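**Student:** Pasting in a structure now, in structure tokens, and then I'll have a few things to ask.
The values are calculated or read from the model by the stated rules, or taken from the named source; none is laboratory data. Just so it is clear, the model here is predicted, and its values are computed rather than measured. Methodologically, a virtual Cβ is constructed for each residue, glycine included, from the backbone with ideal geometry; neighbour enumeration extends over all protein chains shown. Just so you know, the surface numbers come from the protein's heavy atoms only, side chains and all, with ligands and any DNA or RNA stripped out. Shrake-Rupley method; radii C 1.70, N 1.55, O 1.52, S 1.80 Å.
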Amino acid sequence: MISRRQTLGLLGATAAAFALPSLRPARAAAATSLRIGWQKNGVLALAKRKGALEKLLSGRGISVEWSEFTSGPPLLEALGAGALDFGATGDVPPLFAQAANGNLLYVGLYTGSPESSAILVRKDSPIQTLADLKGKKVAFKRGSSAHNVTVKALRKGGLTVNDVQALDLAPPDASAAFKTGAIDAWSIWDPYLAIAEADPDTRILATARGIVGSFSYFLANGDFTKGNPQVITDVIAELAKVGAAAQSNLDDTVTALSQITGVPADVTRVTLTRPGSDLGSVSTITDAAVAYQQGLADEFYNLGIVPKKLTVTDIVWRPKAS
């Protein structure tokens with residue numbers, strides 16, 4: 001069983017990130033630093049450990065500064081406000097950031113396994129199907145990718161969010177509530193999912209496979225991108241290299257990520273070997289990703305979740321052909 005201490009070791013300090021001295025106004029001129037918002041998972045975490053981006057940019061006189069977040073919404077709030085230059089999130093946070101007129105752009109894409117997101121219940125819970133969630137307390141972070149998974153999983157069960165007691169909880173709070181039985185179900189993503197899943201008293205009610213796609217995004221501040229397009233292009237390319245190398249040697253990657261997150265190696269291996277998982281699947285934005293994101297934006301607007309109609313292409317950046 002994964003201890004509460006191990007879980008809390010993974011769940012970083014979002015609030016502390018906003019107090020860091022690196023959170024300065026955005027700039028459109030040639031950069032002397034790249035301020036990155038990161039979470040303890042995936043390619044960005046591996047790049048941080050390897051110092052890959054520092055090596056890439058040091059010859060250009062650009063330093064790299066890192067600020068840790070536990071979820072996408074606060075990360076993109078900082079990015080859109082010019083307190084960060086670059087970061088990564090799931091599919092829903094960019095919608096809220098765009099609706100709030102954040103100054104940010106989609107600049108890159110990575111795909112993963114649908115099994116890396118799921119809705120969890122306790123092993124002895126009477127909830128056996130998605131339809132059984134009616135009237136139950138279901139926790140997820142509003143504006144995160146888990147929000148999307150919850151909406152569509154409930155629909156698959158013939159329900160809407162209005163049919164459950166939806167609780168807006170960040171991963172640390174949801175983890176604690178789930179362990180104590182204060183909530184009936186928890187919609188969450190890796191590596192938090194894998195940590196909870198390792199507890200024999202936890203049961204997966206449904207994964208995201210067949211419910212939602214598995215698109216996640218790299219975003220950058222609009223002013224920074226306009227002033228430093230080659231930096232963004234090269235960073236995406238370098239992250240693809242880091243991901244491909246990591247995927248080709250999963251034993252070393254498991255060890256590295258375990259050291260970064262504090263999550264045991266066997267649990268980390270679960271996250272990296274889910275069907276369809278590929279750390280090297282990093283690219284610039286594709287038409288398929290834009291279409292997916294636009295469909296999600298339209299759906300969330302129609303459901304009254306996003307406050308205004310969005311045109312995703314308004315904030316999609318593509319590198320110019322060399």
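**Student:** How large, in percent, is the carbon and sulfur part of the accessible surface of the range 169-241 at a probe radius of 1.4 Å?
**Tutor:** Taking all protein chains in place, the range 169-241 shows 53 percent carbon and sulfur surface.
**Student:** Lys241 versus Lys156, label points 7 Å from Cα toward the beta carbon: distance in nm?
**Tutor:** My value for the distance between the label points is 3.9 nm.
**Student:** If r is the Cβ-Cβ distance from Tyr301 to Asp168 and R0 is 22 Å, what FRET efficiency results, to the nearest 0.05?
**Tutor:** About 0.70, to the nearest 0.05.
**Student:** Okay, next question. Run a plain Debye calculation on the range 171-322 (Cα atoms as equal point scatterers, no solvent) and give log10 I(q)/I(0) at q = 0.19, 0.21 Å⁻¹, rounded to two decimals, same order as the q list.
**Tutor:** Treating every Cα as an identical point scatterer, log10 I(q)/I(0) equals -1.30, -1.32.
**Student:** Taking the Cβ of Ala265 as the centre, find all other residues whose Cβ is under 14 Å away and add up their charges (Lys, Arg: +1; Asp, Glu: -1).
**Tutor:** Neighbourhood net charge equals -2.
**Student:** So, one more: Report the accessible area of Lys241, computed with a 1.4 Å probe over the heavy atoms of all protein chains in place, in Å² rounded to the nearest 10.
**Tutor:** Ignoring ligands and nucleic acids, Lys241 comes out at about 130 Å².
**Student:** Can you list which of the trypsin sites (Lys or Arg not before Pro) found in the range 33-120 are DSSP loop residues with at most 15 other C-beta atoms within 10 Å?
**Tutor:** Sparse-neighbourhood loop trypsin sites (Lys or Arg not before Pro): Arg60.
**Student:** With every protein chain left in place, what is the accessible area of Asp168 in Å² (1.4 Å probe, nearest 10)?
**Tutor:** Roughly 80 Å² of Asp168 is accessible to a 1.4 Å probe.
**Student:** Same structure, new question: What are the extents of the Cα atoms of the range 59-119 along their three principal axes, listed from largest to smallest and rounded to whole Å?
**Tutor:** 44, 29, 20
**Student:** Now for a different question. Taking a 24 Å limit on the Cα-Cα distance, which of the listed pairs Lys48/Lys320; Lys136/Lys179; Lys48/Lys309; Lys152/Lys309; Lys40/Lys241; Lys40/Lys320 fall beyond it? Could the numbers behind the result be given before it?
**Tutor:** On the way: Lys48/Lys320 27 Å; Lys136/Lys179 16 Å; Lys48/Lys309 36 Å; Lys152/Lys309 19 Å; Lys40/Lys241 19 Å; Lys40/Lys320 31 Å.
With Cα atoms farther than 24 Å apart: Lys48/Lys320; Lys48/Lys309; Lys40/Lys320.
**Student:** By how many degrees, 0 to 90 and rounded to 10, does the Cα axis of helix 171-180 deviate from the longest principal axis of the chain?
**Tutor:** 20 degrees
**Student:** What percent antiparallel are the DSSP beta bridges of the chain, to the nearest 5?
**Tutor:** 60 percent
**Student:** Please find, in a Gaussian network model of the chain (springs between Cα atoms separated by less than 10 Å), the residue of Gln98, Gln39, Gln128 whose mean-square fluctuation is greatest.
**Tutor:** Looking only at Gln98, Gln39, Gln128, the largest GNM fluctuation is found for Gln128.
**Student:** Pick from Thr268, Thr311, Thr129: which is most flexible by mean-square fluctuation in a GNM of the chain where alpha carbon atoms under 10 Å apart are linked?
**Tutor:** It is Thr129.
**Student:** Right, another one. Report, in deg cm²/dmol and to the nearest 500, the calculated mean residue ellipticity at 222 nm for the chain, where each DSSP H run with n ≥ 4 adds -39500 (n - 2.57) and the sum is divided by the residue count.
**Tutor:** -12000 deg cm²/dmol
**Student:** So, one more: Let me check something: with ligands and nucleic acids excluded, how do Tyr217, Tyr301 order by accessible area (1.4 Å probe), largest to smallest?
**Tutor:** Tyr301, Tyr217
**Student:** Here is a further query. Show Lys320, Lys134 ordered by accessible area, largest first, where the area counts protein heavy atoms only and the probe is 1.4 Å.
**Tutor:** My answer, sorted largest first, is Lys320, Lys134.
**Student:** Mind checking the per residue accessible area of the chain for me, 1.4 Å probe, whole number of Å²?
**Tutor:** Ligands and nucleic acids excluded, the result is 41 Å² per residue.
**Student:** So what is the relative contact order for the chain, in percent, with contacts set as C-alpha pairs under 8 Å and at least six apart?
**Tutor:** Taking the mean separation of contacting Cα pairs over the length of the chain, I get 26 percent.
**Student:** I would also like to ask the following. By per-residue mean of other Cβ atoms within 10 Å, what is the highest-first order of 219-225, 283-289?
**Tutor:** 219-225, 283-289
**Student:** A further question on this structure: Give me the net charge of Lys40's neighbourhood, meaning all other residues with Cβ under 10 Å from the Cβ of Lys40; Lys, Arg count +1, Asp, Glu -1. Spell out each step's value before the answer.
**Tutor:** Working: positive: Lys48; negative: Glu68.
Net charge around Lys40: 0.
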